Amino acid sequence: MRAIHQLVAGYTHGDAISNEAVVMRSIFRSWGFASEIFSETRRILPELRNDAKDVAECRETCKPDDIALLHLSVGSDVNDAFAQLPCRKAILYHNITPAEYFTGIQEQTARGLSRGREQAQRLAKSAQVVMADSGFNASELKEWGYPEGSVLPLVLDLQRLRKHANRYTKDKYNDGLVNIIFVGRCAPNKKIEDCLSAFYYFQKYVERNSRFIHVGSFAGTEQYHALLLTQQRELQLNNVDLVGTMRQDELNAAYKASSVFLCMSEHEGFCIPLIEAMVHDVPILAYAAAAVPETLDGAGVLVREKRYDLIAEMMGRLVRDQALRNAVIQGQRDRLARYEQRDLAGELRRHLGPLL
């Protein structure tokens with residue numbers, strides 16, 4: 001039996017690429033292929049080590065007629081292992097954040113990102129099929145000398161977002177405060193400090209009874225997390241909840257209890273939480289940078305300047321102006337429908353056609 005195997009830099013719960021790899025594995029198996037996920041054992045969450053294999057096994061497993069698909073997203077030994085595999089190859093590029101966002105804040109992460117970009121450029125001639133999950137990412141690959149790549153939006157399981165919402169979390173946040181939420185890893189490129197600056201104006205001048213919620217892991221970015229806590233104290237912000245990671249049912253509840261999704265990120269290769277906010281009918285207010293406008297595809301409200309006072313006023317309108325709120329939500333529903341109507345499994349098969 002021929003195989004389509006996937007290589008990922010890490011394998012864990014709640015990670016977008018890990019989630020996509022699981023969905024793709026099911027798709028590949030439904031096509032009649034053997035399919036496994038490979039990563040470095042030390043990068044596989046201990047409780048998931050029965051669900052993924054060490055990348056060292058991949059070279060022995062892959063035969064010349066098999067296909068290896070690399071999810072390229074960060075500097076990793078997996079990228080070097082992929083280049084040495086004796087089989088047909090495909091790359092799906094998820095973007096590698098420029099190192100300068102982490103320089104002076106998290107030097108180890110900055111070095112890993114620099115390494116990733118160097119590896120990505122070396123891999124330009126290594127794969128017969130090249131894909132990216134946004135046009136923004138595809139254009140970056142082209143600058144590095146890759147052949148013209150196909151755009152394949154992230155293959156997501158949105159049903160998990162529509163499942164049970166944790167009752168305790170829902171009750172906690174449905175306490176009469178207006179909740180402004182951002183979801184995404186606690187990382188400098190996400191510009192969570194800009195969310196706090198906008199929230200300062202919102203809480204001081206627009207809606208005193210308000211709360212800012214950030215959901216996202218700060219493992220490995222503890223210094224940046226500490227800077228955010230310092231900013232919160234200096235601005236004397238009340239009701240700021242930097243909660244770290246949440247289980248899916250808790251995250252679903254946090255979305256349902258929120259009035260606005262605020263995204264000030266300056267570098268996104270796709271930004272899955274924008275789609276998640278659409279699923280939960282949370283109006284989106286986002287800074288128009290990198291792939292964010294492409295992912296929104298005409299939905300939400302985009303700002304092109306970080307005028308925190310004006311952003312705060314717009315948040316207030318999205319909370320209080322029911323006609324505007326309804327129009328934004330409808331636009332998001334239309335965009336979500338366009339996404340869900342795409343046959344992404346069929347598109348994936350077409351893109352991999354030269355290897356199949």
Of all trypsin sites (Lys or Arg not before Pro) in region 76-166, which ones are in loop regions per DSSP and have a Cβ with at most 14 other Cβ atoms within 10 Å? 163
Value of [θ]222 nm, deg cm²/dmol, for the chain, DSSP H segments ≥ 4, -39500 (n - 2.57) each, nearest 500: -12000 deg cm²/dmol
Residues whose built amide H sits under 5 Å from the amide H of residue 245, excluding neighbours closer than 5 in sequence, are 216, 218
How do 192, 275 rank when sorted from fewest to most other Cβ atoms within 10 Å of their own Cβ? 275, 192
Please compute the net charge surrounding residue 270, taking Lys and Arg as +1 and Asp and Glu as -1 over other residues with Cβ under 9 Å from its Cβ. -3
By counting other Cβ atoms within 10 Å of each Cβ, how are 186, 263 ranked from fewest to most? 186, 263
Would you work out which of 187, 223, 260 lies farthest towards the positive end of the dipole of the chain, given +1 charges on the beta-carbon of Lys and Arg and -1 on that of Asp and Glu, about the Cα centre? 260
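On full extension of the chain, what length is gained from residue 248 through residue 105, given 0.36 nm per residue of separation minus the C-alpha to C-alpha distance?
48.6 nm
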Once phi for every residue in region 123-134 is put through the Karplus expression 6.51 cos²θ - 1.76 cosθ + 1.60 (θ = phi - 60°), the whole-Hz ³J(HN,Hα) values, with Gly and Pro written as x, are 7, 4, 10, 8, 10, 7, 10, 10, 10, 9, 8, 7
What's the angle, to the nearest 10 degrees (0 to 90), between helix 107-122's Cα axis and the longest principal axis of the chain? 40 degrees
For the pair residue 304/residue 126, report the inter-label distance in nm, with labels modelled 7 Å from Cα in the Cβ direction. 3.9 nm
Cysteines without a disulfide-compatible partner [the chain; Cβ-Cβ under 4.7 Å]: 58, 186, 195, 263, 271
Filter the trypsin sites (Lys or Arg not before Pro) in region 187-270 to those in DSSP coil with at most 13 other Cβ atoms within 10 Å of their Cβ, and list the result. 208, 247
Full extension from residue 233 to residue 51: what is 0.36 nm times the residue separation minus their Cα-Cα distance, to one decimal in nm? 61.3 nm
Cut-off of 10 Å, at most 13 other beta carbons, DSSP loop: longest stretch of the chain lacking such GluC sites (Glu not before Pro): 149-304
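Using a simple charge model, +1 on the beta-carbon of Lys and Arg, -1 on the beta-carbon of Asp and Glu, nothing else, what dipole does the chain show about its Cα centre, in debye to the nearest 20?
Here the size comes out at about 460 debye.
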Cut-off under 5 Å, modelled amide H: who pairs with residue 265 long-range: 287
Given H placed on each backbone N at 1.01 Å, which residues far from residue 88 in sequence or on other chains put an amide H within less than 5 Å of it? 66, 68
Explain nothing, just compute: Karplus ³J(HN,Hα) = 6.51 cos²θ - 1.76 cosθ + 1.60, θ = phi - 60°, for every residue of region 242-257 in order, whole Hz, x for Gly and Pro. 8, 8, x, 7, 9, 5, 4, 5, 5, 5, 4, 5, 5, 4, 4, 8
Span from the region 112-148 Cα centroid across to the region 55-76 one, whole angstrom: 16 Å
Contact order normalised by residue count of region 160-340, Cα under 8 Å, 6+ apart, percent: 25 percent
In whole Hz, with x marking every Gly and Pro, tabulate ³J(HN,Hα) for region 339-356 from phi via Karplus 6.51 cos²θ - 1.76 cosθ + 1.60, θ = phi - 60°. 5, 6, 7, 6, 8, 5, 5, x, 5, 4, 5, 5, 5, 7, x, x, 9, 7
Would you mind ranking 114, 197, 139, 210 so that the residue whose beta carbon has the fewest other beta carbons within 10 Å leads the list? 139, 114, 197, 210
Residue span residue 172 to residue 349: 0.36 nm per residue of separation minus Cα-Cα distance leaves a gain in nm of 59.3 nm
Where is the GNM fluctuation largest for the chain (alpha-carbon springs, 10 angstrom cutoff): 83, 120, 68? 83
Of 205, 308, 173, which has the largest mean-square fluctuation in a 10 Å C-alpha GNM of the chain? 205
Springs between alpha-carbon pairs under 10 angstrom, Gaussian network model over the chain: which of 168, 287, 200 fluctuates most? 168
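No lab work stands behind these numbers, since they all come straight from the coordinates. The shown structure was predicted, so the numbers you read here are calculated from the model rather than taken from an experiment. For neighbour counting, all protein chains shown are included, and Cβ atoms are generated from backbone atoms with ideal geometry for every residue, glycine included.
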